[in-house]
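The values are calculated or read from the model by the stated rules, or taken from the named source; none is laboratory data. All values reported here derive from a predicted model rather than from experimental measurement. Using ideal geometry, Cβ is built from the backbone for each residue, glycine included, and neighbour counts are taken over all protein chains shown. Ligands, DNA and RNA are stripped out before the accessible areas are found, and what is left, the full protein with its side chains, is counted by its heavy atoms. Shrake-Rupley method; radii C 1.70, N 1.55, O 1.52, S 1.80 Å.
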Amino acid sequence: MVNNFSIEDVRSFWDRVTPVYEPSNKRVGYVHTQRFEKTLEYGNFKPGMSVLNIWSRTGNLLPYLRKIPNLTIYNREVSPNMMTVAEKKYPNEQFALTDLEHLSEFADNSFDRIVSLETLEHTPKPFTFICELNRILKPDGLLIMSLPPRGFEIPTRIYELFFENHGEGPHRFLWPLEVKKLIRDSGFHLLAHKPSIILPLINDRLTRRSEKVMNFLFSKTWLANFGVRHFYISKK
């Protein structure tokens with residue numbers, strides 16, 4: 001599978017929207033930060049582990065990961081402008097650029113955990129990307145990956161018509177069956193698939209409640225394919 005956009009296209013878009021990225025995400029609150037909370041819930045992180053955070057954007061996962069003592073965290077980002085923001089926010093953390101394809105800087109079996117949030121859909125060569133993640137993950141390590149399902153394209157378009165947002169830029173949302181095939185073909189074993197359906201209500205308390213209700217009612221139905229994101233927890 002190869003998408004019809006390049007890493008240069010992706011990088012250019014996220015460089016351009018960097019000034020509005022954090023204000024846009026702050027407005028949606030828990031709809032944005034849910035991915036970080038679920039990463040901790042699903043990732044079974046232990047003190048002293050080595051972690052790759054790819055694609056790190058402005059570093060908003062870091063305060064969550066730093067709740068676990070003594071993690072060694074490598075942050076890899078596509079956009080130079082995003083990375084500049086992250087470096088100012090977290091000057092003691094390690095950041096570097098990536099093209100989401102060549103990770104030869106890392107040896108085989110380097111990481112206990114790899115976190116890839118809302119990344120696969122923006123990757124020019126998704127299979128190449130996942131194969132590289134498999135190569136650098138340790139045996140029995142976990143990949144925690146999230147991305148919107150293909151059906152979320154419709155809610156995304158509707159939201160962008162009425163509300164200011166940073167947008168998605170070059171992307172291709174995938175159906176869960178497509179993601180699972182990529183996971184399987186790259187050598188991973190899928191441990192869990194967790195859909196998330198969230199209504200962006202007037203405050204975080206109500207939004208969290210909507211998640212509980214909507215997931216209880218619809219997470220095992222076809223309507224889950226229109227939810228905000230799905231999590232895939234895989235083992236090497």
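Close contacts from the stretch 35-48, counting a first residue that is under 16 Å from Thr72 (Cβ atoms) and surrounded by 12 or more Cβ atoms within 10 Å (Cβ to Cβ) and a second that is modelled with pLDDT of 95 or more and not small (Gly, Ala, Ser), with Cβ to Cβ under 6 Å and a gap of 6+ residues or different chains, come to Gly43/Arg113; Gly43/Ile144; Phe45/Ile68.
Per-residue answers, yes or no, for (1) farther than 24 Å from His32 by Cα; (2) under 15 Å from the mean Cα position of the chain (by Cα):
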residue	(1), (2)
Cys131	yes, no
Asp140	yes, no
Leu143	no, yes
Leu147	no, yes
Ile154	no, no
His193	no, yes
Leu199	no, no
Leu217	no, no
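Residues in the stretch 85-101 that are open to solvent by less than 60 Å² (accessible area, probe 1.4 Å) and not in a strand (DSSP E or B): Val85, Ala86, Tyr90, Glu93, Thr98, Asp99, Leu100, Glu101. Taken across the stretch 49-56, residues that are open to solvent by 50 Å² or more (accessible area, probe 1.4 Å) and in contact with a helix residue (DSSP H, G or I) (Cβ under 8 Å, 6 or more places away or on another chain) do not occur at all. Here Val17 fulfils each of the conditions (1) under 24 Å from Pro200 (Cβ atoms); (2) open to solvent by 40 Å² or more (accessible area, probe 1.4 Å); (3) among the hydrophobic types (A, V, I, L, M, F, W, C) apart from (2). When you scan the stretch 33-52, do you find a residue that is closer than 20 Å to Thr156 by Cα and of a type in the set (S, T, N, Q), even just one? Yes: one or more hits. So is Leu120 buried (at least 17 other Cβ atoms within 10 Å of the Cβ), in contact with a Ser or Thr (Cβ under 6 Å, 6 or more places away or on another chain) and among the aliphatic types (A, V, I, L, M) or not? When the stated conditions are applied, Leu120 does not pass them.
For the stretch 26-42, which positions are part of a helix (DSSP H, G or I) and in contact with a helix residue (DSSP H, G or I) (Cβ under 9 Å, 6 or more places away or on another chain)?
Hits for the stretch 26-42 are Lys26, Val28, Tyr30, Val31, His32, Thr33, Gln34, Phe36, Glu37, Thr39, Leu40.
Within the span defined as the stretch 9-27, one or more residues are touching a residue at least 40 places away in the same chain (Cβ under 8 Å), closer than 22 Å to Leu182 by Cβ and in contact with a Gly (Cβ under 7 Å, 6 or more places away or on another chain).
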